[in-house]
Amino acid sequence: MRKQKVLPLFFLFLALIFTGKIVSAQSMTPSSFSFSKGEAWLCMMIIISLLLLVAALTLKRKVSQLRENNRRSMKKTNEEVFHEYSKHLNSKQIDQLLKMKNKKGPGNTGTALLALLLSSVLVLFSPSSVMAQAPVKADGTSLFSESGIIITLVLILIPVLAGFVLLIVKLRNAVNKQGNRQRIDEAAKLATYLENLTDEERERLEKRKNALNFSLTHNELSGSQPAEDERGLLDISPETGYNVVAHKKRALPRPNIEPELSRMVLWYLGCATFWLLFGTTIGEYLGIKFVAPDADHVSWLSFGRLRPVHTNAVFWGWASLGMLGLGNYIVPRVSNTKLYSIKMGWYALILINASVLIGSICLMAGINNGGGEYREYIWPVMLLFGIGLALTLINFLKTIAARTTKEIYISNWYMVSAIIFTIVISLTAYLPFWQDGLGETIVQGYYMHQGVGMWFMLFTLGIVYYFLPQQLNKPIYSYSLGILAFWTQILFYTLIGSHHFVFSAIPWWLQTVAIVGSMGMAIPVIAGTTNFLMTFKGGWYKVKDSYTLPFFLVGIIFYFTGSMQGTAEAFRFTNLIWHFTDFTVAHSHLTMYGIITFFIWACTYAVVPRLTGKEAPQILVGAHFWMALIGLMFYTIPLMYGSTLKGLMWLNGKPFMDGVVLMMPYWLWRAIGGSLMWLSHVVFAYNIYLMYRKSKTVDVRESAIQKMEEDNAIESVPAI
Amino acid sequence: MSSFFDNHVKLFSTASLMFIGLTICVAIIPALRNQENNAPLPNAEPLSADALKGKALFVANGCVACHTQQVRNVDMDKTWGSRPSIAADYAGITRTDFWRNTATLMGTERTGPDLTNIGNRQPSKDWNLVHLYNPRIVVKESIMPAYPWMFTIKKEPSKNDVIVNVPAEYLQGKEGKVVATKDALYLVAYLQSRKQTKLPDGTPAPEFLYKQEVKTAAAGGGNAAAASAANGQELFVTNCQACHQANGEGLPGAFPPLKGSPVVTGDDLEKYVDIIMHGYDARADYGVMPPVGTNANFTENEVAAIMNYERTSWGNNAKQVTPEEIKKILDIVKLKPAP
């Protein structure tokens, strides 16, 4: 008990120190408070301390309640209390009591008290040691006064605070348990009291029991007919499978999709899966090369050549084909019409596959456009991709033109615009008229970021606007927020490309515009995140029994944290630390993988069962999900931590090789996380195979019906 | 308004026009202006034919994935060049050929060192070739890929062959001499061409921003020695270790040892300082040493720190030198013409 009291005191003390500091700063001169200074950080710590204080006070109240109970039970062992209790026994209790009257009383239940006390003390102490470290950082170096760093720390703090909330819940439970122990003691005393009831009281209890036992027959209104499920609302399957993972709901059968479209969408997703496996196998090998640079000495497999093979294969092969496949499914659905031309869809698929295949071979052979990131395919190869996009655009536009709905659903806004923009982006990047000297660098900055934001992000958002409401079985929270996000994304995202070249020789004003644009990105990101999360409102329970919604949820979380991290990285100061380090690599994986890939997976698991009628085993979907998520964490967190240290080393003028030596363990962690991610893709590919393959096992019910139909047909033949 | 966006032509035209307009403002116009308003510096040397072929190899092998070529205008980038890179440095670069785009090779990752000025920092052909054959021969901690396919192994090399001194353990059991192919020589020629062009006289270089405060520890008497010792090691790692190695033993047949070297431990400080500042090419059995000190603009403090580190490490036990002594010698040495 004493130790529990120390805790609130400790936090009170902390809070006092900090408020004291602020007050003294304000007493004489105008406050120097500014969000660009260390005080913002301090302020946050104060808020956290206050939260802690509130939590501590609540706990204190609980504890004093406990004590109160304790004291009361000490004092009032007299008859009144127990008499009071006995008056409020329910019928069952009375019944048991009367039966037991001549037998034994209740046994001693007090156990594990010591363990409980120990654990609660431990739990109480851990937050104090954890939190005590945080304020130390607060009055530290100028590092924490930089807004970019602060934003990153806040983003990191979000899960920490979530953990803290969990801790409070646990603590409350511990305190409750303690309370229960006291109640059990009291119960024991009550039992002894009840042992010695007088006959008079026993009679009274008997009466009370009869009164309590009165009930209606429960079929006064319904009659005595058995219930019948006339509308097929109940579907209780006797086949349950392994009880290793939670049972999720099965996909609902939907109206059939035209078989030709269905076949094409499945091919898109199948090819995408192939490129995912191919691209990440390369990526995995590249990760290994960081720790084992002499793994091979083959020119086609050297690091510099394979890196663009990896990035381009997962960009143009996996993500692009996955998105386009889903787009081909969505556009006709929300336009309530047929896809304009299946043929065009097939041509686009063939062209894009050819582009990635030829592009990968070219890069491995050493044919490279000029080294600009994601622009490594030479123009004839990228042209194939461009034609594929143009065909898809025509196909989508014609389908939308023939729509039978009045409005154009927001998904189509995002997806069609993404295709148009990407054609513009590719033309800007590949036309030679403005590419000499620094022109190339300016276009490169524009291209590499528009490719990410206007192609992958915009298109994927369109997909999510269709599939998320569908999977939650409720409309999107706010159509207007979606539209706001759409226009602000165009406005701000277009500007931010050159933030990849902050402090370089490109014009200073252009760098500033990029940084401001990066800050503006907060608007579409927050609007989008709010919209998605609010759509979940009232449907959170569905996450529990759906295997697609967890993928959506991860995507949404990374959409917020990943995108805001991008904003934080764009500031000039954070550029000093993080630019040129592996922080960028971690960021691009948090976003391209955490957002885009997770969303595509979510939608793939949502749509494929509708097209093939088969689902992947839930245990494998679960394995895929967890390995991908945990792998991503192992991949990114060590990289971010290590690169921050490395950036600080550079800032302090340490020898370059020291940074390389420092990164070694973090690169190893990255390889380990990468391996988990890669493994999850193998599982995903296997799941796709299971959903695609023609079933070999006989469905008993289905074939019984078939057999009867056949029999009927044979019987009816002679009748003709 | 809502009916406006119910028309797909109007909706997508509006969005496209907005995007194209912004694209023109933030990408195309700035790109065109930068292309037209900048010219190469008057004393900039165009790439030689060999270096040009080397650049193509640099692009083909994706070296830009790890090596930047831009000195940012921030203090921490001083290591990579004597002034920040400016638009004029890239102005002469035009489209590679019909198939391939312009390659300014600025880069966005610095997993390896920046190469803007590598031609001055590490001009030694021998070092570059050995390093290219397998970087770990000369830099143990390096994670750069090896490029052995740019070399052949010949039992009896002809006179014109450029032989690379590779230690036996890196030959993986093969016998013979490692001979650089044309590709390796082109690539090294390109690396050697990477030198920051001096600004024309009178043109002020852009400033380095975010200046680091000078370490105050060096001012305190007792700490000065400790500070300069640490400093000396760092300077050695950055400027000397790639050739002379962390153990001071150099690389047989390529780079001489400093451990037990009479120049390092002896009393002829003038020769010692001269070698650090102006390089050395007096011994046929070793490669050429570049003018490391002049390239890095060493002050007497830095030269003294490096000398003291070398004179007291790896079992060397010579008398320490003071910056004052070195300043005098530097004044004399600077008058000598660079070799």
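The values are calculated or read from the model by the stated rules, or taken from the named source; none is laboratory data. Because the structure is predicted, anything quoted here is derived from the model rather than measured. No Cβ is skipped: glycine too gets one built from the backbone with ideal geometry, and neighbour counts run over all protein chains shown. All accessible areas refer to the heavy atoms of the entire protein, side chains included, with ligands and DNA or RNA removed. Shrake-Rupley method; radii C 1.70, N 1.55, O 1.52, S 1.80 Å.
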message = So, in region B:7-32, exactly how many residues are open to solvent by 30 Å² or more (accessible area, probe 1.4 Å) and farther than 15 Å from A:Phe492 by Cβ?
response = 11
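Are any of the residues in region B:55-66 among the small types (Gly, Ala, Ser) and open to solvent by less than 10 Å² (accessible area, probe 1.4 Å)? Reasoning before the result, please.
First, pick out the residues of region B:55-66 that are among the small types (Gly, Ala, Ser): B:56, B:60, B:62, B:65.
Subsequent filtering for residues that are open to solvent by less than 10 Å² (accessible area, probe 1.4 Å) retains B:62.
Scanning region B:55-66, I find at least one residue that is among the small types (Gly, Ala, Ser) and open to solvent by less than 10 Å² (accessible area, probe 1.4 Å), so the answer is yes.
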task = Six or more apart or on different chains, Cβ under 6 Å: which pairs go from a residue in region A:170-189 that's open to solvent by less than 30 Å² (accessible area, probe 1.4 Å) to one that's part of a helix (DSSP H, G or I) and hydroxyl-bearing (Ser, Thr, Tyr)? Could you list them?
result = A:Ala174/A:Ser120
query = Any residue in region A:616-632 that is more than 23 Å from A:Trp267 (Cα to Cα), open to solvent by 10 Å² or more (accessible area, probe 1.4 Å), more than 14 Å from every other protein chain (Cβ to nearest Cβ) and of a type in the set (Phe, Trp, Tyr)?
reply = yes
message = If a residue must be within 7 Å of chain A (Cβ to nearest Cβ) and in a helix (DSSP H, G or I), how many such residues does region B:29-41 contain?
response = 5
query = Does any residue of region A:285-300 turn out to be over 25 Å from B:His131 (Cα atoms), surrounded by fewer than 24 Cβ atoms within 10 Å (Cβ to Cβ) and within 28 Å of the chain's Cα centre (by Cα)?
reply = no
message = Tally up the residues in region A:301-315 that are open to solvent by less than 10 Å² (accessible area, probe 1.4 Å) and more than 12 Å from every other protein chain (Cβ to nearest Cβ), please.
response = 1
ask   = In region A:487-510, what count of residues is obtained for those that are aromatic (Phe, Trp, Tyr) and more than 23 Å from A:Phe456 (Cβ to Cβ)?
value = 3
request  = Take region A:364-393 and flag every residue that is touching a Leu at 6+ places or on another chain (Cβ under 7 Å) and more than 18 Å from A:His310 (Cβ to Cβ).
outcome  = A:Leu384, A:Ile387, A:Gly388, A:Thr392
Of all residues making up region A:422-439, the number that are under 23 Å from A:Leu389 (Cβ atoms) and either at the interface with another protein chain (Cβ under 7 Å from one of its Cβ atoms) or surrounded by fewer than 24 Cβ atoms within 10 Å (Cβ to Cβ) (or both) = 12
key: Residue list for region B:186-213, filter: polar (S, T, N, Q) and surrounded by fewer than 17 Cβ atoms within 10 Å (Cβ to Cβ)   = B:Thr197, B:Thr203, B:Gln212
message = I want to confirm something. Restricting to region A:404-421 and keeping residues that are at the interface with chain B (Cβ under 8 Å from one of its Cβ atoms) and assigned to a loop (DSSP other than H, G, I, E, B), which single residue is farthest from the chain's Cα centre (by Cα)?
response = A:Lys406
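Conditions tested, residue by residue: (1) open to solvent by 60 Å² or more (accessible area, probe 1.4 Å); (2) under 20 Å from A:Gly462 (Cβ atoms); (3) assigned to a helix (DSSP H, G or I); (4) within 14 Å of another protein chain (Cβ to nearest Cβ).
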site: A:Tyr477; (1), (2), (3), (4): yes, yes, no, no
site: A:Thr512; (1), (2), (3), (4): no, no, yes, yes
site: A:Val543; (1), (2), (3), (4): no, no, yes, no
site: A:Ile556; (1), (2), (3), (4): no, yes, yes, no
inquiry  = Being outside the structural domain of B:Gly62 (by TED's automatic domain parsing) and aliphatic (A, V, I, L, M) is the requirement here; does B:Leu209 meet it?
reply    = yes
query = Among the candidates A:Ala390, A:Ala401, which residue alone is among the aliphatic types (A, V, I, L, M), over 21 Å from B:Val64 (Cα atoms), surrounded by fewer than 18 Cβ atoms within 10 Å (Cβ to Cβ) and facing chain B (nearest Cβ under 10 Å)?
reply = A:Ala401
request  = Test A:Gln470 against the stated conditions and say whether it is more than 28 Å from B:Ser3 (Cα to Cα), in a helix (DSSP H, G or I) and of a type outside the set (A, V, I, L, M, F, W, C).
outcome  = no
ask   = In region A:664-714, which residues are of a type in the set (S, T, N, Q) and closer than 23 Å to A:Ile619 by Cβ?
value = A:Ser675, A:Ser680, A:Asn687, A:Ser695, A:Thr697
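With respect to B:Ser3, is the statement that it is hydroxyl-bearing (Ser, Thr, Tyr), more than 41 Å from the chain's Cα centre (by Cα), facing chain A (nearest Cβ under 8 Å) and outside any loop (DSSP other than H, G, I, E, B) true?
Here the answer is no, as B:Ser3 does not meet what is asked.
Per-residue answers, yes or no, for (1) part of a helix (DSSP H, G or I); (2) at positive phi:
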{"site": "A:Glu615", "(1), (2)": "no, no"}
{"site": "A:Val621", "(1), (2)": "yes, no"}
{"site": "A:Leu629", "(1), (2)": "yes, no"}
{"site": "A:Trp650", "(1), (2)": "yes, no"}
{"site": "A:Gly653", "(1), (2)": "no, yes"}
{"site": "A:Leu668", "(1), (2)": "yes, no"}
{"site": "A:Ala671", "(1), (2)": "yes, no"}
key: Among (1) open to solvent by 50 Å² or more (accessible area, probe 1.4 Å); (2) of a type in the set (Gly, Ala, Ser); (3) at pLDDT 90 or above - the single one B:Ala226 does not satisfy   = (3)
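Give the number of residues within region A:480-502 that are among the aromatic types (Phe, Trp, Tyr), touching a residue at least 12 places away in the same chain (Cβ under 8 Å) and either open to solvent by 20 Å² or more (accessible area, probe 1.4 Å) or touching a Gly at 6+ places or on another chain (Cβ under 7 Å) (or both).
Result for region A:480-502: 3.
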task = Restricting attention to region A:281-295, report how many residues are more than 9 Å from every other protein chain (Cβ to nearest Cβ) and of a type in the set (D, E, K, R).
result = 1
ask   = Residue check, A:Phe396 against (1) free of Cβ contacts under 8 Å to residues at least 60 places away in the same chain; (2) within 33 Å of the chain's Cα centre (by Cα), all met but one. Which one?
value = (1)
note = When A:Ile526 is run through (1) closer than 29 Å to B:Ala88 by Cα; (2) without any contact (Cβ under 8 Å) to a residue 40 or more places away in the chain; (3) open to solvent by 10 Å² or more (accessible area, probe 1.4 Å), the failure sits at (1)
query = Just wondering, is there one or more residues in region A:358-369 that are within 34 Å of the chain's Cα centre (by Cα) and open to solvent by 10 Å² or more (accessible area, probe 1.4 Å)?
reply = no
